[in-house]
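Remarks on the structure that follows.
Nothing in this text is a laboratory measurement; each read-out follows from the coordinates by a stated rule. The structure displayed is predicted, hence computed values, not measured ones. Note that we place each Cβ from the backbone using ideal geometry, even for glycine, and neighbour counts take in every protein chain shown.
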Amino acid sequence: MGMEEKKQPGSGEEKNSELQKEQSREELQKELEHLKSYVETLEGKIKKLEELAKRSNERYMSLQKELEIVREQHRREIEEKNRYGIEKFAKDLLEVLDNFERALQHMEKIEGCSEAYKGVEMIYNQMRKIFEKHGITEIVVEKFDHSLCEAVSTVPTKDVEENTIVQVVQKGYKLHDKVIRPAKVIVAINPEEIT
C-alpha cells in the first residue's frame, strides 16, 4: 500500500508534541516574567541613580555658588584692606600734620625764621602730597554736614546763613571715601532761636 499512514487525531505523538509546545510556552512565559522582573529592578536602580545624580548635580551647583560668593567676599576684603589698610597709620600721622601746621603758624609770627619756615613748609607740603597720593584728603565744606563734621560749638550770628561753618577748630580728613577724622567746627546759628 504505498500510502503513508495518516496521523490520527489524538494519537500519542501529536499529544506529546502539544505537551512539549505547552511546556515550552510555560518556560518562555516564566523566562519572560523573570526578564520583566529583572527589567523592573534595573529601571528602579536607574531611577535611584538618576535621582542621586540629580541631587549630586544640585549640590555641586550649590557649592559652586557658595564658592563664588566666598571668592567675591574674599576679593572685596582684600580690596578693602588694600584701600583702607593704612587708616590707623594715617590717623596717627594726622597729629604730626597738625603739629606742622601749628609750627608754621607760630613761625610766621617770629622774625628771622624765614629760612626755617621755608624748610618746615617744604616738609609739610611734601607730607600733604604723600597723603594725597595714598587717598588721604582734607575735608572742605562751608555748610555743616553731620557726616563730615562735628560741631564743637555754635555762634549766634546774623552775619552769615545758619549752619555755615564759622571756624574750623581741627581739620577733618577722608581716606578715599571714608571719613577717618571728622572736621571739628564752630557753626553759625540764628540768634532768634536762642531764647
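From the list Glu142, Glu161, Glu138, which one is of a type in the set (Asp, Glu) and under 33 Å from the mean Cα position of the chain (by Cα)? One residue alone meets the criteria, Glu138. The set of residues from the range 112-158 being farther than 15 Å from Leu175 by Cβ and in contact with a Pro (Cβ under 7 Å, 6 or more places away or on another chain) comprises Cys149, Glu150, Pro156, Thr157, Lys158.
Of all residues in the range 172-195 being in contact (Cβ under 8 Å) with a residue 40 or more places away in the chain and in a loop (DSSP other than H, G, I, E, B), which is nearest to Val141 (Cα to Cα)? In this case the residue turns out to be Pro182. Scan the range 118-171 for residues that are loosely packed, with under 11 Cβ neighbours inside 10 Å, without any contact (Cβ under 8 Å) to a residue 12 or more places away in the chain and within 27 Å of Glu192 (Cβ to Cβ) and the total you get is 1.
Looking across Gln73, Gln64, Gln105, one residue alone is within 35 Å of the chain's Cα centre (by Cα), loosely packed, with under 11 Cβ neighbours inside 10 Å, under 30 Å from Arg181 (Cβ atoms) and free of Cβ contacts under 8 Å to residues at least 12 places away in the same chain. It is Gln73. Scanning the range 108-135 for residues that are assigned to a helix (DSSP H, G or I), over 40 Å from the mean Cα position of the chain (by Cα) and not β-branched (Val, Ile, Thr) turns up Glu108, Lys109, Ser114, Glu115, Ala116, Tyr117, Lys118, Gly119, Glu121, Met122.
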